[in-house]
Each structure stands twice: as C-alpha cells, then as structure tokens.
Amino acid sequence: MKPGARPLDVLQRILRPAGGGVYVVSTGLAEQRALQRQVYGAETDADVHARWQAALATLPEASVVTLGVPSDVGAGFTRGANRAPAALRAWLLGRPRHPLWTTVDAGDVRVVPQLLSDEMLGDAQIAATRAALYGDDPLAAGLPVSPLDLCARALACIFAVAPDVVPIVIGGDHSVGWPAFLAAHRHWEQARGLRLGLLHFDAHTDLLESRLGIKYCFATWAWHANELLGRDGRLVQVGVRASARPQAHWEDTLGVRQIRAAEANRRGAEALADEIAERFTRLGVDALYVSNDIDGTDVAYAGATGTPEPDGLTPDLVSSLTRLLAQRFPLVGGDLVEVAPPLAHGAPGEPGRTLDTAARYLGDLVQCAGTRSAPGT
C-alpha cells in the first residue's frame with residue numbers, strides 16, 4: 001500500500017461486507033446476497049456496500065469489533081470452516097439481542113480459497129493474485145493476497161484507527177488464530193507493554209513447528225504463538241485429549257501448561273481459574289487473549305467440526321472459565337474457530353447444536369471484551 005494511505009482506505013480494499021468473504025460467482029451467490037441484505041437491512045447490493053462502509057467509519061468509537069476470516073485452507077482432515085462466519089451471522093439473525101449485534105462488524109477478509117500465507121507464494125503468484133483482487137487500483141501496491149496476511153493487515157488497520165478496541169475474530173480453521181494473536185501481540189505487548197496470557201481451548205495441541213513442511217496451518221499456530229511469548233509458560237491449553245505425545249513432552253519441551261480434558265472436567269472451572277490466574281499473576285500477565293477451537297468442546301455439544309473428538313469439555317466449563325479469567329485480566333482479543341456447518345457427520349440436531357454452542361462462546365468473548373476495564377488502568 002502506498003505510504004500515507006488511510007487505514008480505512010486499506011480496509012475497504014482488503015475486506016468485504018459481512019458474509020461476503022467467500023468468493024462466489026454463481027453457485028452460492030444468491031444465498032450470499034440474501035444474507036448480506038438481511039444483516040444490513042438493505043434492499044440492494046449498493047445499499048449493502050454503503051451500510052458496510054458506514055459501519056467501518058464508526059470504528060474509531062468502537063469498543064469491540066468482529067472480523068470474519070472465512071478460510072479453511074489451513075485445515076486438516078476435513079474442511080468446511082470457511083462457511084462459519086456467514087452461518088453464525090445467519091443463525092443469529094433470529095436472536096436480535098445477541099451480543100454480536102452490539103459490535104462493529106468490520107466484515108470479512110477477502111479469501112482466495114487456494115491461498116493461505118503470502119510467505120508460501122512466489123512473486124509471480126502474488127502479482128497475479130494482486131491483479132485479480134485489486135485490478136489497477138493505484139493504492140493496491142504491496143497489499144497482501146492471502147487470508148492469513150490479510151487478517152493481520154486488517155487488524156493492524158483496525159488498531160490504527162481504534163487503539164483501545166478489542167477484536168474478536170471468527171474463523172475459519174485454526175490457522176487464522178496465528179495472525180489474530182500476532183496482531184494482538186504486536187499491538188498490546190510490543191507497542192503498549194502489556195504482557196499477554198494466552199488461554200487456548202482445543203482437543204489438540206497445535207504445537208507442531210511445521211506440518212508436512214508447512215509453517216502456518218491449524219496444527220502449528222500455537223507453536224508460533226508460544227514462540228512469540230518466549231516459551232515462558234504464558235500459554236495454557238485446556239481440553240487436549242488427542243495427542244501423539246504425552247502431556248509431559250509438551251510441558252517440558254515448550255514450557256506450556258496443558259490441562260487435559262479429563263482433568264478439566266474433574267476439577268471444574270473455578271479451580272482451573274484459580275490455578276491459571278495464579279500462574280498468570282506469577283508470570284506478570286496484564287491481559288488475556290482467548291483462542292477457542294470448538295473441537296475442545298465435547299461432540300455432544302459441538303459435532304459440526306473438522307476433527308470432532310469425544311470426551312471433551314462442556315460448554316458450561318468453557319464459558320465459566322473464560323468469564324472467570326476475564327474478570328481478573330482484561331480480555332484484549334480472541335478468536336472462535338473450527339465451526340464447520342457442512343460437517344454435521346449425520347448427527348441428529350446438527351449443525352444447529354454446534355451453532356448454538358458457538359453463538360454462546362461468541363457472546364462470552366464479546367461481553368467479556370465489552371465490559372473490561374481499559375488495559376493499564
């Protein structure tokens with residue numbers, strides 16, 4: 001992007017109105033347009049765009065902003081999480097009092113569904129995709145083209161116009177947790193001096209340095225986040241139950257605290273909150289980031305996901321632990337990932353049950369963010 005370009009100008013180029021991040025030409029286009037017109041209370045595409053731009057203009061006064069990243073390019077066994085941001089908004093249209101509607105919805109990252117990170121692309125591919133996305137726009141030079149980089153750039157622009165805002169990212173697979181946490185770390189810890197604690201709900205560790213030679217994906221994001229934190233114990237994982245290595249391996253080699261699902265369910269939210277709060281306090285944590293992979297929750301409550309695992313956490317435990325910790329450390333960012341509405345796996349009540357659970361978790365994050373004290377005060 002050319003020097004001096006306004007952050008809002010950048011956002012209007014790299015984002016799309018809510019529900020519009022998935023690229024469609026014919027199949028799915030009518031569904032996408034119908035959702036957008038409902039979300040924005042608009043009658044035409046032009047009205048949708050105008051009301052989205054008006055929403056972006058309110059960012060400087062926002063306390064909480066939501067951002068959809070409808071990408072599942074970084075997923076594993078099965079995919080479908082790219083449908084979650086639109087599906088959650090559609091699900092919540094019938095719930096006008098849900099906390100989502102109190103946020104500024106910045107819309108969706110533009111997703112080219114074959115791309116993940118600009119770092120994985122050659123110059124020729126970046127140039128070709130940049131031309132396809134932005135045409136001959138004179139302000140487009142240097143803009144990213146891949147979902148992870150676009151997410152990071154969008155959040156940087158959001159922080160530029162609203163330094164105290166709390167972004168809540170709606171994925172997408174868990175690879176989007178990487179740019180979301182990276183942006184939070186750059187803004188809150190590197191620029192403003194607040195030490196972050198990272199609470200990570202998941203059935204899996206996501207602690208591989210790379211997977212099949214791929215640096216950033218659903219299985220590696222937490223490794224990179226832990227590196228940002230200096231392997232100093234500020235990453236706490238809750239709900240793990242599918243790992244090729246024992247708990248001691250991850251704790252001894254990477255310095256994380258891992259509370260496996262069986263232990264978490266046995267001890268309960270209050271005991272876990274006390275332990276984690278003591279740990280964070282001892283490590284000088286000032287603020288909280290929460291990354292919630294829906295598969296940390298038991299399949300009885302959230303089966304529409306790419307890698308469902310039995311014997312998981314209950315929604316009551318996840319919600320309570322999130323809220324208890326947010327009472328002690330201001331929540332300055334979060335993400336909700338791996339909701340995959342097309343992957344109902346034939347289970348009765350799905351994907352509705354998963355969307356209900358996800359809506360609850362999204363409400364937790366928004367409410368905790370919206371009621372926090374200003375960081376550092």
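Contact order for the stretch 7-370, expressed relative to its length and based on alpha carbon pairs under 8 Å spaced 6+ residues apart, stands at 19 percent.
Full extension of the segment from Glu31 to Arg245, taken as 0.36 nm per residue of separation minus the current Cα-Cα distance, would add 72.7 nm. Taking amide H as placed 1.01 Å from N in the peptide plane, the amide H of Val240 sits under 5 Å from that of Asp202, Ile259, Ala261, each at least 5 places away or on another chain. Each part gets one Cα centre, and for the stretch 339-363 versus the stretch 201-272 those centres are 24 Å apart. Along each principal axis, taking the top coordinate minus the bottom one, the Cα set of the stretch 81-224 gives 46, 35, 33 Å in descending order. Packing, taken as the mean count of other beta carbons within 10 Å per residue, orders the peptides 84-96, 327-339, 10-22, 36-48 from highest to lowest as 327-339, 10-22, 84-96, 36-48.
Can you tell me how the stretch 226-377 classifies by the Cα gyration tensor, rounded, prolate or oblate, using a/c under 1.5 as the rounded cut? Oblate. When each of His187, His345, His98 is scored by the number of other beta-carbon atoms lying within 10 Å, the sequence from fewest to most is His345, His98, His187.
Set against the 2.2 N^0.38 Å expectation for a compact globular protein, the stretch 112-170 has a Cα radius of gyration ratio of 1.24. An oblate overall shape is assigned to the stretch 131-211, the ratio a/c of its alpha-carbon gyration tensor axes (a ≥ b ≥ c) being 1.5 or greater and a/b not exceeding b/c.
Dividing the summed -39500 (n - 2.57) terms of all DSSP H runs of n ≥ 4 by the residue count of the chain sets its mean residue ellipticity at 222 nm at -12000 deg cm²/dmol.
Under a 5 Å amide H cut-off, with hydrogens placed 1.01 Å from N, Val339 pairs with Ile294 among residues at least 5 apart or on other chains.
Shown in residue order for the stretch 327-332 are the 3J(HN,Hα) couplings computed by the Karplus curve 6.51 cos²θ - 1.76 cosθ + 1.60 at θ = phi - 60°: 6, 9, 9, x, 7, 10 Hz (x for Gly and Pro). Distance between the C-alpha centers of the stretch 36-64 and the stretch 81-146? Whole Å please. Comparing the Cα centres of the stretch 36-64 and the stretch 81-146, I get a distance of 16 Å. Bridges between two residues of the stretch 7-370, per DSSP, are antiparallel at a rate of about 10%. I want the local charge near Ser146. Using Cβ-Cβ distances under 14 Å, sum +1 for each Lys or Arg and -1 for each Asp or Glu among the other residues. Around Ser146, the charge tally is -2.
Every read-out reported here was derived from the displayed coordinates using simple, explicitly stated rules and does not represent laboratory data. Everything numeric in this text was worked out from a predicted model, so none of it was measured. With ideal geometry, Cβ positions are generated from the backbone for all residues, glycine too; neighbour counts draw on all protein chains shown.
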